[in-house]
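Asker: This is the structure, below, for whatever I ask next.
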Amino acid sequence: MSVSDDVGSIRSLSQISEEETVKLSVDLVAAARHNLGFLRLVDDSDWLHQKPSILESIRRYDQLWMPLISDLTVGSTPPMVLPPLDVEWIWFCHTLNAVSYREYCKSRFSKLIGKAAIFDEENEEYALNRCKEIWEYRYPSEPFESEFELNLEKPCVINEDLLDQVSKQRYLYTIFNEPYRSEVVYLIAARQSYKGFLYSLNRISERCSLLVPPSDVLLMWLTHQSYPTVYAQDTKELEGHIEKVHGAWDDVNVKEGAIEEAKNMWEEIFDRPYEKAGGSAIGRAVHVKPPFYWDASDTDVNTKYRSLAPRFLLEFCISVKLSRETRAMKRQMSNEFLRLRMARCHKELKLDKPLLDFRSESWRKAWHLYCEFGTKGVILELRQRGGRCFKGSNLQCSITFLWNDLLRARSLTWSKEIVQVVKADASITPPVQAPYLLKCVPDRVTDDSGAMISDVILRMNEYRPQAGRWLSRTVLDHAGRECFVIRMRMGGGFWRRGGETPSAVKWEDRIIEIREGSWSYVASSIGKAPEKVVGTATPQEPPEEWQASWNISTGNELLIRWASPTSSSGLNFVIRNKEPTDRMVRLLKGRKMQYQVKKSSSASDSSICKKPNDTDDEEVEEEEEEEEEDGFITLVRFSEELPTGKATALLNWKLLAVEVLPEEDAVFVLLICLSLSRSISEMKKEDVGSLLIRRRIKEPKPGERDWGSIMLHPSSYSPSISSPYLQPWYWNAKAVMASKAMDDMTRPPAMNLNYSPAEGGDKLYKRGVFALKKL
């Protein structure tokens, strides 16, 4: 059976020429990228959004800036000047309502005031400094930068309509805050979609009462509007049509019928899905954000660790509809279904949908996923139930969408057809860096040199005894690659037949060290740890009222105390900086801020219906919630730029697993995680982090279901899909982190493993783990 690319589209977006659509007189790709940076800055500037501050900014805009820019504007070319941030924000919001802005300019200045196209930092700095000079000369008593204080008397409202517009744009950046939005490849595809949208306007506007743009088109449209003179010139022939477009300031609760109407019109012209990856319809799915934290990171401090490979995520969407031939033949489809599989990294994945689900003449979204770039692509199969096995199925035909092929497509989309039965349209967003995922797995005991305790090493050393005993952990990344080796010193001395055994070292010598790189294997699973030490944590005498203290090599001190080891509510910890700094680090118990797991609506609704005397149920719920949060710590950093704090890592000291943003030091987070696990084990006199296990536990084979390789978009949630591996790992951490060997063990893991006498007995390691404090 053959597989053919879909070449029968009514009209392709890439085929639209400049003569057939609006000629764009501004570089929308560069302009949109600049606007995204501007919106991010505005979103981070809380002072801009206080009502007194907004009113003062409107006054400065209306009474100072607009008269100034009007006098500087000669002809149709805007001057190379930029106003201060607060005024520029008001100006930006005003231009997004093109009709209101045009009427304002005509009534006050008898001309439309435009904005200079300034996209690079050097020209932006020049334009800002030039404006400051002119401003200070013209308004000597008015500061260039806003110095308005919130405790001063509120200025009067000058323009009620403008105040309303600015207030509505407060959270505009949240629509476009996914990190892939600023990628040039994405913006080029978005510009192509915007040209198609403008091309379709005068063809469908008479049949639609409201035109709802997808989010990628909306970004380009708002960017186009922010340059008023260019926008007015480019869209002159679309007057009467473009006013029907749903704007960012309009009511977000768009009726479903309006979205469906726009989708149907789009499909009539282009025979392509209206929504795609990175381009959901505004007013509905655009507000459904990823189930995990995915923010743009300007820096990656972990590039200094060569063994740590970055992780890249992309958004993928595939829509399906039956071909005309299939619908015309009224094909029997009751036993046929589509199956989606990954090309790599998550070969266990099998997502099925009956072919009957796609009987509509319109495109229907089949799956919406977040995938790691290492998955390479997806395979879509047409299968029929039956065959050799009663519960099995036969493969009829399949098509493959590879990420590299989709990235080379001009609009980041690609359509294919399965033997004239099903048409599939796949789309992606450019891959962008995502948080690191790291977990610590048990490994063999090592000696002072870093070599594993083994007869193999003993023979290589000509039977010289191996000195020292260290508990060891291998750090694996999301793909199961070894990137660090963590060692915890437990004992000193030798082991010889005849009675000589290693002895426990002093409590202050029981350090934790992290070495960069993977094991150097000499035989099977026996090897030597890498030599480069990149971080250490040393136990030290704790101050009064604290039970444990660790000196971290990053220049921090970790203090821990636990009022009641039977309850996590009494657990407290503090991180201190040894050197004076304006940056502060806090550790919060549980999954906080962006890592907080929200309860389902059904759960929240049930709490409303409780009777006053249902205290037992409330106590059970509280215990369950405490158990779910137990072991999790959120690391939050504060600074002058981040006064409310930003969570940069999530760690679990029971499972020894961490999620780290690129801007946070992964080694620092791992040291905190292991130090907590060691100290809490001592306080509870219980091995809470399975530290006593001294053998590598069998892990899933790389490629079967790599950690975090696939996550479902909320729009694809279904009761039939319950796998915890398709959700953020911290939603069900125990299930995701569990190894195959651990699942099969009926007794505690340490009791199922055989250790050689040369490694040292359980007594040595229990003393090292359970007695950290000086006696």
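Asker: Could you work out how much longer the chain between LEU395 and GLU626 gets when fully extended? Use 0.36 nm per residue separation minus the Cα distance between them, nm to one decimal. Let's see the in-between values first.
Answerer: Details: separation 231, 0.36 × 231 = 83.16 nm, distance 4.69 nm.
That pair, LEU395 and GLU626, stretches by 78.5 nm at full extension.
Asker: Counting every Cα pair in segment 646-693, what percent are over 14 Å apart?
Answerer: On the way: 538 of 1128 pairs.
Distances greater than 14 Å cover 48 percent of the Cα pairs.
Asker: Now a separate question. For the peptides 466-477, 637-648, what is the packing order when you average, over each peptide's residues, the other Cβ atoms within 10 Å and list the highest mean first?
Answerer: On the way: 466-477: 23.0, 637-648: 14.0.
In descending order of packing, they fall as 466-477, 637-648.
Asker: So, in nm, how far is label ARG385 from label GLU121 when the simple model puts each one 7 Å beyond its Cα toward the Cβ?
Answerer: 6.0 nm
Asker: What ³J(HN,Hα) values, in whole Hz, does the Karplus curve 6.51 cos²θ - 1.76 cosθ + 1.60 give for segment 227-237 when θ = phi - 60°, with x put for Gly and Pro?
Answerer: Residue by residue, segment 227-237 yields 10, x, 5, 5, 4, 4, 5, 5, 9, 4, 7 Hz.
Asker: Also: How do 520-527, 114-121 rank on mean C-beta neighbours within 10 Å, highest first?
Answerer: Values: 520-527: 13.9, 114-121: 16.8.
The peptides rank, most packed first, as 114-121, 520-527.
Asker: Tell me, what ³J(HN,Hα) does each residue in segment 165-173 have, in order and in whole Hz, if you take phi through Karplus 6.51 cos²θ - 1.76 cosθ + 1.60 with θ = phi - 60° and put x for Gly and Pro?
Answerer: Residue by residue, segment 165-173 yields 5, 5, 4, 6, 8, 3, 10, 4, 5 Hz.
Asker: Find how many whole Å separate the alpha carbon centroid of segment 669-727 from the alpha carbon centroid of segment 330-371.
Answerer: 30 Å
Asker: Turning to a different aspect of this structure: To the nearest 0.05, what FRET efficiency results for SER362 and SER334 with a Förster distance of 22 Å applied to their C-beta separation? Don't skip to the end; give the middle numbers.
Answerer: Values: r = 21 Å, r/R0 = 0.98.
That gives a FRET efficiency of 0.55.
Asker: If R0 is 30 Å, what FRET efficiency do you get for GLU500 and ASN754 from their C-beta distance, rounded to 0.05?
Answerer: Working: r = 22 Å, r/R0 = 0.72.
E(calc), rounded to 0.05, equals 0.90.
Asker: Could you compute the FRET efficiency for ALA467 and GLU541, with r as their C-beta to C-beta distance and R0 at 30 Å, rounded to 0.05? Don't jump to the answer; show the numbers that get you there.
Answerer: Working: r = 27 Å, r/R0 = 0.90.
Efficiency for this residue pair is about 0.65.
Asker: At 7 Å along Cα-to-Cβ for each site, give me the label-to-label distance between GLU531 and HIS49 in nm.
Answerer: 5.3 nm
Asker: Can I ask one more? Among 653-661, 195-203, 358-366, how do they line up from the highest to the lowest mean number of other beta-carbon atoms within 10 Å?
Answerer: On the way: 653-661: 23.9, 195-203: 20.6, 358-366: 16.8.
Result, highest mean Cβ count within 10 Å first: 653-661, 195-203, 358-366.
Asker: Show me the three semi-axes of the equivalent ellipsoid for segment 365-422, from the C-alpha gyration tensor (sqrt of 5 times each eigenvalue), largest first, rounded to whole Å. Let's see the in-between values first.
Answerer: Details: eigenvalues 144, 40, 18 Å².
For segment 365-422, the ellipsoid semi-axes come out as 27, 14, 10 Å.
Asker: Segment 221-241 to segment 93-139: how many Å between their Cα centroids?
Answerer: Using only Cα atoms to place each centre, the spacing works out to 17 Å.
Asker: Between GLU145 and ARG341, what is the label-to-label distance in nm when each label sits 7 Å out along the Cα-to-Cβ direction?
Answerer: 6.0 nm
Only the coordinates and a few stated rules stand behind these numbers; no lab work does. In this text the structure is predicted, and so the values were computed from the model without any measurement. All Cβ positions, glycine included, derive from the backbone under ideal geometry; neighbour counts span all protein chains shown.
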